[in-house]
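Right, one structure below, let's go through it.
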Amino acid sequence: MTDRVLILDFGSQVTQLIARRVRESGVYCEILPFNVAPERIGAFGAKAIILSGGPASVTAEETPRAPETVFELGVPVLGICYGQQTLCAQLGGAVATSEHHEFGRATLEVTDDCALTQGVWRKGERHQVWMSHGDRVIRLPEGFRAVGTSAGAPYAMFADDARRFYGVMFHPEVVHTPDGARLLANFVHRVAGCAGDWTMAAFRSQAVDRIRAQVGAGRVVCGLSGGVDSSVTAVLVHEAVGERLTCIFVDHGLLRAGEAEQVVGLFRDHYNIALVHRDARALFLGKLEGVSDPERKRKIIGATFIEVFDEEAQKAGGAEFLAQGTLYPDVIESVSFTGGPSVTIKSHHNVGGLPAGMKMALVEPLRELFKDEVRALGRELGLPESLIGRHPFPGPGLAIRIPGEVTAEACEILRKADAIYLEEIRAAGLYDAIWQAFAVLLPVKSVGVMGDARSYEYVCALRAVTSTDGMTADSYAFDHAFLARVATRIVNQVRGINRVVYDVTSKPPGTIEWE
């Protein structure tokens, strides 16, 4: 059995990044809420447990606590930020509110060696870390010793090597702590003894077996969008059940230029997978008429998609199962572990079940994977790199790139501008250096002079971001000549746009979609 690590979430925006770093080191892990039943923790069979950060204060009267079973299982425990503080408080130490807050980059001095830092940091060294705290540990529990300090936290890192319990005030999971991934790998490998044998080849084999066991002799339909997630799902399910899979591609009119043709060509012609192509562009645009609120648009698109998909599934003839490309972030972001707003983030997905009217069981073979892992699985399955490396394009498509009402005219204008933008990015050899790039048709018009006449047309915004985790993003630093070339082509070749701007906004942890 593959070694497993359990992460208990206390509400941090970057808990997912802990899981990503652990998996990057070859160890399988899952995230569960901090208040999960102790029995479930025991049944999980973790070789180590990590307590995430969170927004609460340990000094308040009613705050999240880790189940006591965490400290009784005899496995290594690592507390991060809030996780460090609750570990300390629950084991007999003390935490207090500090007047010296630390938010952002800080310097940690390593004051002693321990198993957590062995081979990564040494006593006497100073290293950059990322802090985010207003409380701090002021007294250690019995058996612990300080192994790191910072200007705002005298016990910024502590250790109990005998019980293999460790706490860090900083966030090792974010890229702003340069050695953080190595520390986490040290914890799961050196401290916990995990083998690091979780690979995509192993996952592929296990996933195919699980699909066959779930489906049996039944038939499966798959909602195919042409994106990475649904494409990998389709090919994986096809490997498991063969011709008992039918893919349904609903063209909602909100796709980028040429995408419908690409989907049909790849899956019907190349993979020879049974594919139903439903042109529902008029239906979707009719339902979106007069709607400006982004959340309403998402829900209309989701509900209409289900309606159309169900019609085609019924025609396909008695499928008992529906396969969809739900990813692990979809699952996490659709469940509010701590009462926060995350329950609405993935409102356009069928995460957590289908509407009562759809009499099919869900098959979600990617439910345990992050986006980069899905890409790795796609390569393992032999999908073309042109598809695997495609920039993320959320389900609502152009609808969330048109703030305000979505019309056929607006979609066509944006589609042309977006195609020019991506064409220039590819021509410059920059596509793979950028995590996501797209054009946005702003709901404002600008007065301009084109030739000898005044024009009153739309403003187009361009966005490109780099990201290592899909959680944080920095704007891509194009040179002026590139932006000028793109802007000139769009203004000259796309009727309806007379001004182009470039968005240089960077995003802290959270969604990086445009809305």
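The values are calculated or read from the model by the stated rules, or taken from the named source; none is laboratory data. Keep in mind it's a predicted model, so treat the numbers as computed, not measured. Because the Cβ atoms are built from the backbone with ideal geometry, glycine has one as well, and the counts that use them run over all protein chains shown. Calculation scope for accessible area: heavy atoms of the full protein, side chains included, ligands and nucleic acids excluded. Shrake-Rupley method; radii C 1.70, N 1.55, O 1.52, S 1.80 Å.
Tabulated results
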| quantity | calculated |
| --- | --- |
| Per residue accessible area in Å² of the chain, where ligands, DNA and RNA are left out and the probe is 1.4 Å | 42 |
| Rounded FRET efficiency, nearest 0.05, which uses the C-beta distance separating His176 from Gln262 and R0 of 51 Å | 0.85 |
| Debye, to nearest 20: dipole size of segment 414-458, +1 on Lys, Arg Cβ, -1 on Asp, Glu Cβ | 180 |
| Charge sum, other residues only, whose C-beta stays under 9 Å from Val291's C-beta, Lys/Arg counted +1 and Asp/Glu -1 | 0 |
| Rg/Rh (Cα only; Kirkwood hydrodynamic radius) as it applies to segment 261-332 | 1.02 |
| Rounded Å value of the spacing that divides the Cα centres of segment 208-230 and segment 244-273 | 16 |
| Span per principal axis, largest first, for the Cα atoms of segment 121-238 (Å) | 61, 31, 24 |
| Fraction of accessible area attributable to carbon and sulfur, the chain (%, probe 1.4 Å) | 50 |
| Rounded, prolate or oblate (a/c below 1.5 giving rounded, otherwise prolate when a/b exceeds b/c) for segment 1-98 by Cα gyration tensor | prolate |
| Burial order of peptide ranges 108-118, 396-406, 486-496 (average beta-carbon count within 10 Å, highest first) | 396-406, 108-118, 486-496 |
| Centre separation in Å (Cα based) which lies between segment 358-391 and segment 86-119 | 38 |
| Relative contact order of segment 68-169, pairs being alpha-carbon contacts under 8 Å that are 6 or more residues apart, as % | 34 |
| Mean separation of Cα contacts under 8 Å (6+ apart) over length of the chain, as relative contact order % | 11 |
| Square roots of 5 times each gyration tensor eigenvalue, C-alpha, segment 384-500, largest first, Å | 25, 17, 12 |
| Radius of gyration and Dmax over the Cα atoms of segment 195-282, both given in Å | 14.7, 54 |
| Kirkwood-type radius of the chain, with distances r between different C-alpha atoms, in Å | 25.0 |
| Between 0 and 90°, nearest 10: helix 228-241 axis offset from the chain longest Cα axis | 90 |
| Label point at Tyr271 placed 7 Å out along Cα→Cβ; residues across segment 208-223 whose backbone nitrogen lies under 13 Å | 221-223 |
| Helix 371-381 vs. the chain, principal-axis angle (Cα, 0 to 90°, nearest 10) | 70 |
| Cα→Cβ-extended label distance, 7 Å offset, between Arg126 and Glu412, nm | 6.3 |
| Cα centre as origin, Lys/Arg/Asp/Glu Cβ charges: the chain dipole, Debye | 400 |
| Local electrostatic count, Gly193, Cβ distance below 9 Å [Lys/Arg +1, Asp/Glu -1] | +1 |
| Dipole of the chain [Lys/Arg +1, Asp/Glu -1 at C-beta], most positive-end residue of Thr304, Leu224, His189 | Leu224 |
| Reduced Cα scattering model of segment 217-266, Debye log10 I(q)/I(0), q = 0.15, 0.29 Å⁻¹ | -0.40, -1.15 |
| For segment 130-176: rounded, prolate or oblate by the Cα gyration tensor [a/c cutoff 1.5] | oblate |
| Prolate/oblate/rounded label for segment 58-186 (Cα gyration tensor, a/c 1.5) | oblate |
| The chain: antiparallel DSSP beta bridges as a percent of all, rounded to 5 | 50 |
